[in-house]
Amino acid sequence: MGYEFDFSSVLTDQYIDWLISGVRITLLLTAGAWIIAFVIAVVLAVLRATNFRPAVWLVAVFVEVHQNIPLLVQVLFWYFAMPELLPEAWRDWLVRNNSEFILAMIAIAMCTAAYMSEALRSGLRAVPVTQYEAGRSFGFNYLQTMSYIVVPQALRLSVPPMVNHSLLLFKNTSIAMAIGVHELTYQTRQIDSDTFRTFEVFLVATGLYLVLSFIIMFVGNLIERRFSMGTR
Amino acid sequence: MIRFDKVNKWYGPQLKVLNEVTAEVKKGEVVVVCGPSGSGKTTLIRTINRLEPIDSGSITVNGTDAHSSKNNVNTLRRDIGFVFQQFNLFPHMSVLNNITLAPRKLRGMSRAAAEEKARELLDRVGLADKAEAYPAQLSGGQSQRVAIARSLAMDPPIILFDEPTSALDPEMVGEVLAVMKGLATTGITMMCVTHEMGFARDVADRVWFLDKGNLLEDAKPDEFFSNPTHPRAQRFLADLRH
Ligand SMILES: Nc1ncnc2c1ncn2[C@@H]1O[C@H](COP(=O)(O)OP(=O)(O)O)[C@@H](O)[C@H]1O
Ligand SMILES: [Mg+2]
């Protein structure tokens, strides 16, 4: 009657290889999307801080759109619809270069950038205006004051939400399986349909996701402590 | 060194915060500015380095028109130290970096030279052991002394204080005033908004009394304290003693 666990048929050399390659793609996707998301988020937050009407409006639309449409829809959109808008040569290049990975990375990055830009924006707003004034009173110009005094503090204040968004980003990479990216969830499904040991293989995958999540949280914690402005 | 000439400033159409202020701070002088809350003291001192714009009149600092758009405001500010009521130390930097930031980035001083100077300044304000500390680890009195050291790092010929002891617990007021008294003997031009009348009596060359944006008194401390000419100043002093 009881369920007989059988990890040995899931953890063969071949399947372990699949899992490792799944973890590799998941991490690559996470890292690539994180870098793109962070750069875009900084640009969005700075644009928003300019108080230049059209820029503020554009950023607000970007943020709303990406926060209110399911990520799966965004990924499918980037995969099926976006290439249609591209010139022929670009489309060919994409297809020859692992288009599903690249497009999933962009889609996830865009969505994460929307959330991260909000985190950075609230960080910027949390820096008291007196800090800006103190900087200016020394004779620092606007850009110097922002880069030496305001932005470093804003970044520190946004570390906790940024760690959260990084964690969400990592978990969201599993959505890329919907367009056939061979990341960890995709490989898990493959092993499942090969072996029918559903419970075992998903347990292994769960363990892997958990370990990786803990590593991200641990790194986030280190960063948080390193940049705690001496209040630890 | 600092000359106000018929300076007027409004906050909006209703509130005139500075009214025809005309006065001069001579080189090396210590001027204490006092007056009731809301009389425009903070505004006045902030107009000197153009943290606040003025509506008419002129302010000449070290021979240059502080409010002329032809003169670079950042160059002006490098020569004017400013100490805030709330210290405004940079919380993400150590005490040492707080002090060396401006000389390194604005004067191109090497880190080593800037740090050597910073340590001298910290020694002067009695905080040689706090170089590596972060602002969050300092008491109010220590923070304000660091803030003073920080504004001295650029060797400004002028230093301005806006109620430097008002945010402090009473037992810490003395240590900050002591640093300021020491500073007053160095020949730096000093302008200080404060209600510490003992300080005014001991070190000020002139006391200015501001009321509703009007500069009602500009006198030597002993004249001001023994014999204020304006009834408002008399009432203000009576309230302080009480
Ligand atoms: N940024 C501002 N906008 C509008 N009113 C202000 C502003 N700053 C100060 N005031 C007003 O101007 C008057 C003088 O303020 P302030 O210079 O701070 O006086 P003090 O330093 O003598 O207490 C007060 O009535 C204050 O409410
Ligand atoms: Mg004030």
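The values are calculated or read from the model by the stated rules, or taken from the named source; none is laboratory data. Note that the structure is predicted; figures quoted are calculated from it, not measured. No Cβ is skipped: glycine too gets one built from the backbone with ideal geometry, and neighbour counts run over all protein chains shown. Keep in mind that these areas ignore ligands, DNA and RNA; they rest on the heavy atoms of the full protein, side chains included. Shrake-Rupley method; radii C 1.70, N 1.55, O 1.52, S 1.80 Å.
How large is ³J(HN,Hα) for each residue in region B:141-156, as worked out from phi by the Karplus curve 6.51 cos²θ - 1.76 cosθ + 1.60 (θ = phi - 60°), to whole Hz, x for Gly and Pro?
Karplus-based 3J(HN,Hα) across region B:141-156 equals x, 5, 4, 5, 5, 5, 4, 5, 4, 4, 6, 7, 5, 8, 6, x Hz.
Nothing charged except the Cβ atoms of Lys and Arg (+1) and of Asp and Glu (-1): what's the magnitude of the dipole of region B:1-57 about its Cα centre? Round to the nearest 20 debye.
Magnitude of the dipole: close to 100 debye.
Where nothing but the Cβ of Lys and Arg (+1) and of Asp and Glu (-1) is charged, how large is the charge dipole of chain B around its Cα centre, in debye to the nearest 20?
The calculation lands at about 660 debye.
Averaged over peptide B:72-84, how many Cβ atoms belonging to another chain are found within 10 Å of each residue's Cβ?
Mean shielding by partner chains, rounded to a whole number: 3.
Quick one: how many Å² of A:M217 are accessible to a 1.4 Å probe, rounded to 10?
Counting only protein heavy atoms, A:M217 exposes about 80 Å² to solvent.
Output the relative contact order of chain A, whole-number percent, from Cα pairs under 8 angstrom with separation of 6+ residues.
30
Which whole-Hz ³J(HN,Hα) couplings does region A:162-177 yield from phi under the Karplus relation 6.51 cos²θ - 1.76 cosθ + 1.60, θ = phi - 60°, glycine and proline marked x?
Rounded to whole hertz, the list is 5, 5, 4, 5, 5, 5, 4, 4, 4, 5, 5, 4, 5, 5, 4, 4.
Ranked from the most accessible area to the least, with a 1.4 Å probe and all protein chains present, what is the order of A:W93, A:W78, B:W10, A:W57?
A:W57, A:W93, B:W10, A:W78
With charges only on Cβ, +1 for K and R and -1 for D and E, what is the dipole size of the protein assembly as shown about its Cα centre, in debye, rounded to 20?
That gives the protein assembly as shown a dipole magnitude of about 1340 debye.
Can you give the average number of partner chain beta-carbon atoms within 10 Å of each beta-carbon in peptide B:147-153, as a whole number?
The mean count of partner-chain Cβ atoms within 10 Å per residue comes to 1.
Given the options B:A219, B:V193, A:L124, identify the residue whose Cα lies farthest towards the positive end of the charge dipole of the protein assembly as shown (+1 on Cβ of Lys, Arg; -1 on Cβ of Asp, Glu).
B:A219
Report in % the part of the accessible area of the protein assembly as shown that belongs to carbon and sulfur, leaving out ligands and nucleic acids; probe 1.4 Å.
Solvent-exposed carbon and sulfur of the protein assembly as shown make up 58 percent of the total.
Leaving ligands, DNA and RNA out of it, rank B:R201, B:R78, A:R136 by accessible area with a 1.4 Å probe, largest first.
B:R201, B:R78, A:R136
Could you do me a favour and compute the accessible area per residue for chain A, 1.4 Å probe, result in Å²?
That works out to 55 Å² per residue.
Tell me, what ³J(HN,Hα) does each residue in region A:98-103 have, in order and in whole Hz, if you take phi through Karplus 6.51 cos²θ - 1.76 cosθ + 1.60 with θ = phi - 60° and put x for Gly and Pro?
3J(HN,Hα) across region A:98-103, in whole Hz: 6, 4, 5, 5, 4, 6.
Ignoring ligands, DNA and RNA, how do B:F209, A:F218 rank by accessible area with a 1.4 Å probe, largest first?
Putting B:F209, A:F218 in descending order of accessible area: A:F218, B:F209.
With every protein chain left in place, what is the accessible area of A:Y115 in Å² (1.4 Å probe, nearest 10)?
Estimated to the nearest 10 Å², A:Y115 gives 80 Å².
List the accessible area buried at the contact between A and B, summed over both sides and calculated with a 1.4 Å probe, in Å² to the nearest 100.
So the total buried area for this chain pair works out to about 1900 Å².
Lysines within cross-link reach of B:K212: Cα-Cα under 25 Å, excluding same-chain residues under 8 positions apart?
Within the straight-line limit of under 25 Å, B:K212 reaches these lysines: B:K6, B:K9, B:K16, B:K26, B:K41, B:K220.
Would you work out the relative contact order for region B:90-155, in percent, from Cα pairs under 8 angstrom that are 6 or more residues apart?
Relative CO of region B:90-155 lands at 46 percent.
Could you work out the helix-only [θ] at 222 nm for the protein assembly as shown, with each DSSP H run of four or more residues adding -39,500 (n - 2.57) and the total divided by the number of residues, to the nearest 500 deg cm²/dmol?
Counting only the DSSP helices, I get -18000 deg cm²/dmol.
Name the residues of region A:122-142, by number, that are at least 50 Å² less accessible with every protein chain in place than in the isolated chain; the surface is that of heavy atoms, probe 1.4 Å, without ligands or nucleic acids.
Buried on complex formation: A:Q131, A:E133, A:R136, A:S137, A:F138, A:G139, A:F140.
Using 1/(1 + (r/R0)^6) with R0 = 30 angstrom and r between the beta carbons of A:D194 and A:W90, what's the FRET efficiency to the nearest 0.05?
Here the calculated transfer efficiency is 0.25.
Averaged per residue, what accessible surface does region B:90-155 expose to a 1.4 Å probe, in Å²?
Result: 38 Å² of accessible area for each residue.
So if R0 is 51 Å, what FRET efficiency would A:L168 and B:K181 give, r being the distance between their Cβ atoms, rounded to the nearest 0.05?
Efficiency at R0 = 51 Å is approximately 0.35.
Taking the Cα centre of the protein assembly as shown as the origin and placing charges on Cβ (Lys, Arg +1; Asp, Glu -1), which of B:I80, B:P91, A:S213 is farthest toward the positive end of the dipole?
B:I80
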